[in-house]
1. Show me the three semi-axes of the equivalent ellipsoid for the chain, from the C-alpha gyration tensor (sqrt of 5 times each eigenvalue), largest first, rounded to whole Å.
2. Report, largest value first, the span of the C-alpha coordinates of the stretch 131-175 along each principal axis, in whole Å.
3. Could you compute Rg(Cα) / (2.2 N^0.38 Å) for the stretch 153-287, with N its residue count?
4. For every helix of n ≥ 4 consecutive DSSP H residues, a contribution of -39,500 (n - 2.57) applies; sum these over the chain, divide by its total residues, and give [θ] at 222 nm rounded to the nearest 500 deg cm²/dmol.
5. Only four residue types carry charge here, +1 at the Cβ of Lys and Arg and -1 at the Cβ of Asp and Glu. Report the dipole size of the chain about the Cα centre in Debye, rounded to the nearest 20.
6. Karplus couplings for the stretch 12-21 from phi (6.51 cos²θ - 1.76 cosθ + 1.60, θ = phi - 60°), rounded to Hz, Gly and Pro as x?
7. What number, in percent, do you get for the relative contact order of the chain if the mean sequence gap of Cα pairs under 8 Å and at least 6 apart is divided by its residue count?
8. Taking a threshold of 25 Å on the Cα-Cα distance, which of the pairs 6/65; 148/285; 148/189; 128/152; 128/197 fall above it?
Amino acid sequence: MDGLCKDGMVSEALDLFSQMCGKGIEPDLVTYTCLIHGLCNFDRWKEAAPLLANMMRKGIMPTLKTFNVTVDQFCKTGMISRAKTILSFTVHMGPEPDVVTYTSITSAHCMLNQMKDAMEVFDLMIRKGFSPSVVPYNSLIHGWCQTKNMNKAIYLLGEMVNNGLNPDVVTWSTLIGGFCKAGKPVAAKELFFIMHKHGQLPNLQTCAVILDGIVKCHFHSEAMSLFGEFEMSLDLSIIIYTIILDGMCSSGKLNDALELFSHLSSKGIKPNVVTYCTMIKGLCKEDSWMMPRTY
């Protein structure tokens, strides 16, 4: 049964389970654990939940790993109340929840912008003596950025560093994007360079986030300056070129946009639908349908 689940043949494993029960063979902890993990790994939590309840009714206590897999599935589908029910059970009946349990629930609250609840679970994890990893901090920072509460987001960054954790590229990208969405592109740009000082190199997503944010805040000269630096040091994606083309079009530099667009193929970059739509929008805005150019 374990082999079937690991090979993705979960339905066949369930059939085997039914045959076992039909022949009077009582499933044990190992059997239930294999099935529940297999079902959860393929997002079939609706079938996993009854199995979890059934094994507990029979007096078979699931392992913490099984509880965590189930909690994670409930959290990913937004069913936090069910996840918290399992958390409450493990607190009172055992096994004691660990950092993985608390992290799943914290992240789920953040996804739904339930930041008060997220902080309560996070604080409970710390009171229980667990040391959070970068993952729950990133979830909380993302949540506060989504609600544009940048003071709390940046406070958590400081707390991470003080606790000996190294913010990763996700941390920095989230904060940079958050400051841009909050209408603070100067702070976002400062943070981008602070990221370098902390020894964290930006990836293409970070570059796209800061360029997109600066362009949307109409800081076009700063965007062009950064773009020039990126182009010299990185192999840029069509996403980044599309962002800068949009900035050129929206700032009235249609000729520059057309020039850059005409050189994409020589750079080995293939425009996508968004790129073409960006250029069409720019041409319409400038009433330039009849420009004599061939691309």
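Just so it is clear, none of the values below were taken in a lab; they were calculated from the coordinates. Given the structure is predicted, the values throughout are model-derived calculations rather than measurements. Cβ atoms come from the backbone with ideal geometry, glycine included; neighbour counts cover every protein chain shown.
1. Numbers: eigenvalues 466, 132, 45 Å².
Working from the Cα gyration tensor, I get semi-axes of 48, 26, 15 Å.
2. If we take the Cα atoms of the stretch 131-175, the spans are 26, 17, 15 Å.
3. Normalised Cα radius of gyration, the stretch 153-287: 1.13.
4. Numbers: 17 runs with 211 residues, N = 295.
After summing the helix terms and dividing by the residues of the chain, the value is -22500 deg cm²/dmol.
5. Details: 26 positive and 27 negative charges, 119 e Å.
So the dipole magnitude of the chain works out to roughly 580 debye.
6. Once θ is set to phi - 60°, the couplings for the stretch 12-21 become 5, 5, 5, 4, 5, 4, 5, 5, 4, 5 Hz.
7. Numbers: 322 pairs, mean separation 23.3, N = 295.
This gives 8 percent for the chain.
8. Working: 6/65 16 Å; 148/285 32 Å; 148/189 17 Å; 128/152 22 Å; 128/197 34 Å.
From the list (6/65; 148/285; 148/189; 128/152; 128/197), the Cα-Cα distance tops 25 Å for 148/285; 128/197.
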